[in-house]
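Presented below is the structure to which this report refers.
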Amino acid sequence: MECSQVLLWISEYVDGTLTPSVCSELEKHLSICQRCRSIVNTLKMTLSLYHTVKFYDVPSVIHESLHRALRQEWETHKVKVSVRYAGFPPVELIEKKKQIELLIKLPGVDKETINLVATPKSVEITGFNKRVEGIYYQSEINYGKFSKLIKLPTKIDVSRVKAYLKDGILTVKLPKLA
């Protein structure tokens, strides 16, 4: 197993998608590779610190910083991956008198790649942001697949949901149930 594969798995772990079978392979590699073990230990200590001081979610700034450090490691190993973090896409959830409004920032994302699923108590958005080919000297934009579940503060009427994309902002109007 190569270190580059371990780095991909670490990204999946940060996003909460690591399977038990992968954990076993990861542990084998970490038992023999000091460099990867150091990266994983740093990640564990950072996450542990936030959970110890009663933060239930790692702040998006820290989450993004961890991904940035991993991205630098990936570039060292010439691994091409998408880096996702909990803060993408950024969302504003606004409750008004008769509806809930979601504003979702999706600059550069093609409308055709966006999928929105509304239930009475949540909205899930998924999609894909394509990376332009070229040599990147700095990369701070999220590329690849994204997915975010937004829990709503009150039930909505799913049959009357409306959404439109304008200037990179997806506006979703969610009428409250009467």
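The values are calculated or read from the model by the stated rules, or taken from the named source; none is laboratory data. Note that the structure is predicted; figures quoted are calculated from it, not measured. Here Cβ is always computed from backbone atoms with ideal geometry, including for glycine, and neighbour counts include all displayed protein chains. Only protein heavy atoms, including side chains, enter the accessible area calculation; ligands, DNA and RNA are left aside. Shrake-Rupley method; radii C 1.70, N 1.55, O 1.52, S 1.80 Å.
Here are the numbers for this structure:
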{"read-out": "Strands (runs of 3 or more DSSP E) contained entirely in segment 135-175, each with at least 3 residues that are touching a Ser or Thr at 6+ places or on another chain (Cβ under 6 Å)", "value": "144-151"}
{"read-out": "Members of segment 6-41 that are acidic (Asp, Glu) and at pLDDT 75 or above", "value": "25, 27"}
{"read-out": "Flag for residue 89 being open to solvent by less than 50 Å² (accessible area, probe 1.4 Å), modelled with pLDDT under 95 and within 17 Å of the chain's Cα centre (by Cα)", "value": "yes"}
{"read-out": "Selection count where residues are touching a helix residue (DSSP H, G or I) at 6+ places or on another chain (Cβ under 9 Å), of a type outside the set (S, T, N, Q) and open to solvent by 20 Å² or more (accessible area, probe 1.4 Å), scope segment 95-130", "value": "4"}
{"read-out": "Cβ-Cβ under 7 Å pairs, at least 6 apart or on other chains, segment 153-178 side under 15 Å from residue 110 (Cα atoms) and free of Cβ contacts under 8 Å to residues at least 12 places away in the same chain, far side surrounded by 14 or more Cβ atoms within 10 Å (Cβ to Cβ) and hydroxyl-bearing (Ser, Thr, Tyr)", "value": "164/171"}
